[in-house]
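Report on the structure given below.
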Amino acid sequence: MTARLPSLNGLRAFEAAARHLSFTKAAAELNVTQTAISHQIRRLEEELGLRLFVRQSRALALTPQAAEYLPSIRAAFQDLRTATDRLLRTGNDRVLTVSTLTSLAVKWLLPRLSPFQEQHPEIDVRITTSTELVDFRSSNVDAAIRYGRGQWPGLRAEWLMAEDLFPVCSPKLMTGERALLKPEDLSRVTLLHTATTRDDWRIWLTAAGLPVEIAQSPGMTFDLAFMTVQAAIDGLGVAMGHTAYVADDIAKGRLVVPFDIVTPSAGYYFVTPQDQATTPAIGAFREWLIETAKMRPVPDAIRTGGMISGQPVAAP
């Protein structure tokens, strides 16, 4: 026998009051009176046959049953909001929201986006950035550029480009008495780190046959990769370069590759939900993005490196 669903108004009142732990704030949010909130929650408690709130001294608290019930109710309302938004956007292929990493957007995607706008002026591209994997079910994001191995269940992932790791620095660090001449010289310079990828230096040092303790010496750490790259450009130290983040700066002479040891990493993929993968806007952006990734410049300093550690990451 299918269980009867509680009152939708009661559930809305419960979710808002539980989020604010206040009937007054819930009433203001839902544009009703506090009395109406009280009546709706009392009716919901009668329907469920249990108490949801406990009044404490000048405060409101959830009962254990309500605290367990709340996450599912909150998720259900979020699903309703997302489904409604997608319904209203159906047939409106103008808006395309793409999520990616902040540093990839700043150092690679945004400088190349102009041709797509010229080719498709009818599409309103919106770029959003996050260090977390976007949840397509609970967001308005249509597609994403993700870094990894391309294995995300339920999503269509298409190869864009490989990523290699290698040290980069300002040309000024290559001259003078303390010039970087060999990998061992890294032990006497400042190493620049990105907080989310601190393992990169350890991986490269291991491939170069150097002590990983070099990466543990005092250095400088930044939240985002593009900040680390800028610090290297400014001559603050040596950074671990990712191809997509530093290729343009190398090509323009702002950075140099001091050593010819390159370590392959993972790669970037264009990711979409399976049920939205064929929409016209996503299709147009996918085609442009894949072609753009094929044309990215690989500076001679990287291409002609004398010693490549391991095997290059190839397109699947």
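The values are calculated or read from the model by the stated rules, or taken from the named source; none is laboratory data. From a predicted model like this one, the values you see are computed outputs, not experimental measurements. Don't worry about glycine lacking a Cβ; one is built from the backbone with ideal geometry, like all the others, and counts go over all protein chains shown. Side chains are part of the model used for accessible areas, which takes the heavy atoms of the whole protein and leaves out ligands, DNA and RNA. Shrake-Rupley method; radii C 1.70, N 1.55, O 1.52, S 1.80 Å.
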Kindly evaluate Gly241 against the criterion of being touching a residue at least 12 places away in the same chain (Cβ under 8 Å), more than 30 Å from Leu181 (Cβ to Cβ) and in a strand (DSSP E or B). no
Considering only residues that are among the β-branched types (Val, Ile, Thr) and either part of a helix (DSSP H, G or I) or at pLDDT 90 or above (or both), look in the stretch 77-98 and name the one that is surrounded by the fewest Cβ atoms within 10 Å (Cβ to Cβ). Thr84
Any pair with Cβ under 6 angstrom, 6 or more apart, that starts in the stretch 26-37 at a residue that is among the small types (Gly, Ala, Ser) and ends at one that is open to solvent by 80 Å² or more (accessible area, probe 1.4 Å): Ala27/Thr33; Ala27/Gln34
Would you check if Thr292 is closer than 27 Å to Gln117 by Cα, modelled with pLDDT of 80 or more and either among the hydroxyl-bearing types (Ser, Thr, Tyr) or surrounded by fewer than 16 Cβ atoms within 10 Å (Cβ to Cβ) (or both)? yes
Of all residues making up the stretch 99-135, the number that are over 20 Å from Thr196 (Cβ atoms), in contact with a helix residue (DSSP H, G or I) (Cβ under 8 Å, 6 or more places away or on another chain) and surrounded by 15 or more Cβ atoms within 10 Å (Cβ to Cβ): 5
Enumeration of residues in the stretch 253-287 that are of a type in the set (A, V, I, L, M, F, W, C) and either farther than 26 Å from Ile123 by Cβ or in a helix (DSSP H, G or I) (or both): Leu255, Val256, Val257, Phe259, Ile261, Val262, Ala266, Ala281, Ile282, Ala284, Phe285
Quick one: would you say Ala232 is in a strand (DSSP E or B), within 24 Å of Ala195 (Cβ to Cβ) and modelled with pLDDT of 95 or more? no
Return only the number of the condition from (1) acidic (Asp, Glu); (2) more than 28 Å from Val246 (Cβ to Cβ); (3) in a helix (DSSP H, G or I) that Glu122 does not satisfy. (3)
Of the residues that make up the stretch 212-219, is at least one buried (at least 18 other Cβ atoms within 10 Å of the Cβ), in a helix (DSSP H, G or I) and at pLDDT below 95? yes
Among the residues of the stretch 229-252 satisfying the criterion of being among the β-branched types (Val, Ile, Thr) and closer than 23 Å to Arg188 by Cβ, which is surrounded by the most Cβ atoms within 10 Å (Cβ to Cβ)? Val246
Among the residues of the stretch 46-73, which ones are part of a helix (DSSP H, G or I), out of contact with any helix residue (DSSP H, G or I) (no Cβ under 6 Å at 6 or more places or on another chain) and either within 17 Å of Arg19 (Cα to Cα) or aliphatic (A, V, I, L, M) (or both)? Leu48, Pro64, Gln65, Ala66, Ala67, Glu68, Tyr69, Pro71, Ser72
Can you spot a residue in the stretch 137-148 that is under 14 Å from the mean Cα position of the chain (by Cα) and hydroxyl-bearing (Ser, Thr, Tyr)? yes
Across the stretch 22-37, what is the number of residues that are within 14 Å of Ser7 (Cβ to Cβ) and over 39 Å from the mean Cα position of the chain (by Cα)? 1
In the stretch 189-211, what residues are open to solvent by 20 Å² or more (accessible area, probe 1.4 Å), farther than 24 Å from Gly176 by Cβ and either among the hydrophobic types (A, V, I, L, M, F, W, C) or not in a helix (DSSP H, G or I) (or both)? Ala195, Arg198, Ile203, Ala207, Gly209, Pro211
For residues that are of a type in the set (A, V, I, L, M, F, W, C) and surrounded by fewer than 15 Cβ atoms within 10 Å (Cβ to Cβ), tally how many sit in the stretch 13-27. 1
Before we move on, is Phe259 under 30 Å from Leu155 (Cα atoms) and surrounded by 15 or more Cβ atoms within 10 Å (Cβ to Cβ)? no
Got a number for residues in the stretch 155-186 being open to solvent by 80 Å² or more (accessible area, probe 1.4 Å) and not in a loop (DSSP other than H, G, I, E, B)? 2
